[in-house]
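*Asks:* What follows is a single structure, and I will ask about it in a moment.
What follows draws every value from the coordinates through simple rules; no lab data is involved. All values reported here derive from a predicted model rather than from experimental measurement. Cβ sites come from the backbone with ideal geometry, for glycine too, and all protein chains shown count toward neighbours.
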Amino acid sequence: MGYIYITSFGDVEGRLLLGTARNVKEIFGLGVRVSSVPFPPRLGFNPKRNQYHAGTLLRYLEGVSFPNLVKLLAVVSFDLYEEGLNFVFGEAQLGGRNAVVSVFRLHSEDERLLFERTFKEVNHELGHTFGLTHCQDPRCVMSFSNSLSDVDRKTRFFCDSCQRKLSAALDLHSR
Ligand SMILES: [Zn+2]
Ligand SMILES: [Zn+2]
């Protein structure tokens, strides 16, 4: 049985991680484990931008291994960027193994909203690791989010077309 491992960097609430794990189990159906991975202080930190470079974190995750590891997701508390973009909610290796999601811009007075937004961005980035690209259906979790209102507009679920692609990719892991 393959596992999706979830880890956190920075100060991420345990309840949020556990909620994320439940959501990932429900949506992807694989085993899910929450495990810790050491975080080298200031890895990927850019003092000029006061943000962390998402690609650097993804490369670091490549060196991490766990038993029966299928995907590795890091949920981080700090703000992420990529060259040419002011910020990113997350980043993933398309059809690859690793993904990172930041909760920095997802906070709300309403805790349920933070949880819901986190689940959407997590499902989106994990969707990329299973080879899914952006979707034009504005309610599909694979639609692109450029702002919080984009995040709030979409659901945490895959549209029928994306779900078919995801199920085909997941089949390869359950054989
Ligand atoms: Zn995306
Ligand atoms: Zn879709």
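*Asks:* Residue pairs, Cβ under 7 Å, 6 or more apart or interchain, first in region 143-154 and in contact (Cβ under 8 Å) with a residue 24 or more places away in the chain and on the phi < 0 side of the Ramachandran plot, second surrounded by 14 or more Cβ atoms within 10 Å (Cβ to Cβ) and of a type in the set (V, I, T). List them.
*Replies:* From region 143-154, the pairs are S145/V151; K154/V141.
*Asks:* I would also like to ask the following. What's the number of the only condition in (1) within 12 Å of ligand 1 (Cβ to nearest atom); (2) assigned to a loop (DSSP other than H, G, I, E, B); (3) touching a strand residue (DSSP E or B) at 6+ places or on another chain (Cβ under 8 Å) that V101 fails to meet?
*Replies:* (2)
*Asks:* Inside region 121-150, can you point out the residues that are more than 19 Å from I27 (Cα to Cα), surrounded by 13 or more Cβ atoms within 10 Å (Cβ to Cβ) and more than 10 Å from ligand 1 (Cβ to nearest atom)?
*Replies:* First, pick out the residues of region 121-150 that are more than 19 Å from I27 (Cα to Cα): 136, 145-150.
Adding the requirement that they be surrounded by 13 or more Cβ atoms within 10 Å (Cβ to Cβ) leaves 145, 148, 150.
If the condition is that a residue be more than 19 Å from I27 (Cα to Cα), surrounded by 13 or more Cβ atoms within 10 Å (Cβ to Cβ) and more than 10 Å from ligand 1 (Cβ to nearest atom), then L148, D150 are the ones that fit.
*Asks:* Same structure again: Only one of these is assigned to a loop (DSSP other than H, G, I, E, B), more than 16 Å from ligand 2 (Cβ to nearest atom), over 14 Å from the mean Cα position of the chain (by Cα) and under 23 Å from G19 (Cβ atoms): S149, S108. Name it. Break it down into steps so the answer makes sense when it comes.
*Replies:* Working: S149 fails: assigned to a loop (DSSP other than H, G, I, E, B).
Of S149, S108, the one residue that is assigned to a loop (DSSP other than H, G, I, E, B), more than 16 Å from ligand 2 (Cβ to nearest atom), over 14 Å from the mean Cα position of the chain (by Cα) and under 23 Å from G19 (Cβ atoms) is S108.
*Asks:* Looking only at region 152-164, filter to residues that are basic (K, R) and either crowded, with 18+ Cβ neighbours inside 10 Å or under 16 Å from the mean Cα position of the chain (by Cα) (or both); which one of those is farthest from ligand 2 (Cβ to nearest atom)?
*Replies:* Taking region 152-164 first, the residues basic (K, R) are 153-154, 156, 164.
Restricting the remaining residues to those that are either crowded, with 18+ Cβ neighbours inside 10 Å or under 16 Å from the mean Cα position of the chain (by Cα) (or both) gives 154, 156.
Values: K154: 9, R156: 12 Å.
Per the stated criteria, the residue is R156.
*Asks:* What is the one condition in (1) near ligand 2 (Cβ under 8 Å from one of its atoms); (2) outside any loop (DSSP other than H, G, I, E, B); (3) under 17 Å from the mean Cα position of the chain (by Cα) that C135 does not satisfy?
*Replies:* All conditions are met except number (2).
*Asks:* Please indicate, with yes or no, whether at least one residue in region 63-73 is of a type in the set (S, T, Y) and in contact with a Gly (Cβ under 8 Å, 6 or more places away or on another chain). Outline the logic, then answer.
*Replies:* Residues of region 63-73 that are of a type in the set (S, T, Y), as a first pass: 65.
Next, only the ones that are in contact with a Gly (Cβ under 8 Å, 6 or more places away or on another chain) stay: none.
No.
Rundown of residues vs (1) more than 16 Å from ligand 2 (Cβ to nearest atom); (2) without any contact (Cβ under 8 Å) to a residue 12 or more places away in the chain; (3) touching a helix residue (DSSP H, G or I) at 6+ places or on another chain (Cβ under 6 Å), yes/no style:
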site	(1), (2), (3)
L85	yes, yes, no
E91	yes, no, yes
L94	no, no, yes
N98	yes, no, yes
R112	yes, yes, no
